[in-house]
Amino acid sequence: MTMRVSNLMVLGAMVLALGACGVDDPPEPETVSEPSSDESVDEHIAIMDVWARVNPIPGRPAAVYLSATSPIDEELIGVSTPIAERAELHTHEHKDGMMQMIQVDSFAFSPGAPLKLQPGGDHLMLFGSDEGLAELTQFPITLTFREAGDIEVSVTVGEPEMQPDHSSHSSH
Ligand SMILES: [Cu+2]
């Protein structure tokens with residue numbers, strides 16, 4: 001299952017088409033000398049394979065996994081969903097031979113190192129989730145990125161049928 005967030009690509013294509021009507025306008029190369037904070041970059045973020053492992057016992061935490069790519073250095077800095085009271089970014093840490101879950105402030109990723117949240121590693125954790133979450137097939141979640149801002153995606157409940165086509169790339 002693939003979900004791509006692409007809001008402004010159509011608009012960009014229209015601008016290009018209109019520009020083609022101009023008489024003598026040489027296409028100006030983008031000369032952005034200073035970073036502008038309202039520049040939209042979210043059309044380039046791709047968020048894929050968003051799924052949740054849900055505990056059948058109501059009220060127990062649920063974990064959300066996903067993959068994301070970005071053409072620029074990015075950071076996932078927050079998460080929220082209407083179906084849970086609290087959502088946190090978690091990672092696993094080995095300590096004294098034990099695997100511990102700890103909360104972190106952000107997950108950094110980059111063009112060369114996509115974000116991969118998966119079982120046994122980094123993940124999102126939902127606390128105080130609605131009763132009946134296990135009966136849902138999908139629910140919305142809002143991801144907050146440092147550069148791209150808020151992006152809402154749909155979470156599929158239950159493990160997707162993943163092909164282990166990249167099984168040789170262990171993160172450990
Ligand atoms: Cu956790």
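The values are calculated or read from the model by the stated rules, or taken from the named source; none is laboratory data. Computed from a predicted model, the values in this text were never measured in an experiment. Ideal geometry is used to build each Cβ from the backbone, glycine not excepted, and the neighbour counts take in all protein chains shown.
Computed values, structure above
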| item | result |
| --- | --- |
| Of the criteria (1) under 18 Å from ARG53 (Cβ atoms); (2) away from the ligand (no atom under 13 Å from the Cβ), which one HIS92 fails | (2) |
| Qualifying residue in the stretch 116-131 (condition: assigned to a strand (DSSP E or B), away from the ligand (no atom under 16 Å from the Cβ) and modelled with pLDDT of 95 or more) | no |
| Given (1) loosely packed, with under 11 Cβ neighbours inside 10 Å; (2) away from the ligand (no atom under 12 Å from the Cβ); (3) part of a strand (DSSP E or B), number of the condition MET99 does not satisfy | (2) |
| Any hit, the stretch 61-77, residues being of a type in the set (Ser, Thr, Tyr), within 15 Å of the ligand (Cβ to nearest atom), assigned to a strand (DSSP E or B) and within 15 Å of the chain's Cα centre (by Cα) | yes |
| ALA87, sole failed condition from (1) within 12 Å of the ligand (Cβ to nearest atom); (2) within 16 Å of ASP150 (Cα to Cα); (3) surrounded by fewer than 13 Cβ atoms within 10 Å (Cβ to Cβ) | (3) |
| Filtered residues of the stretch 142-158 (kept if in a strand (DSSP E or B) and within 16 Å of PRO114 (Cβ to Cβ)) | LEU143, PHE145, ILE151, VAL153 |
| Breaking point among (1) under 18 Å from the mean Cα position of the chain (by Cα); (2) at pLDDT 90 or above, for PRO160 | (2) |
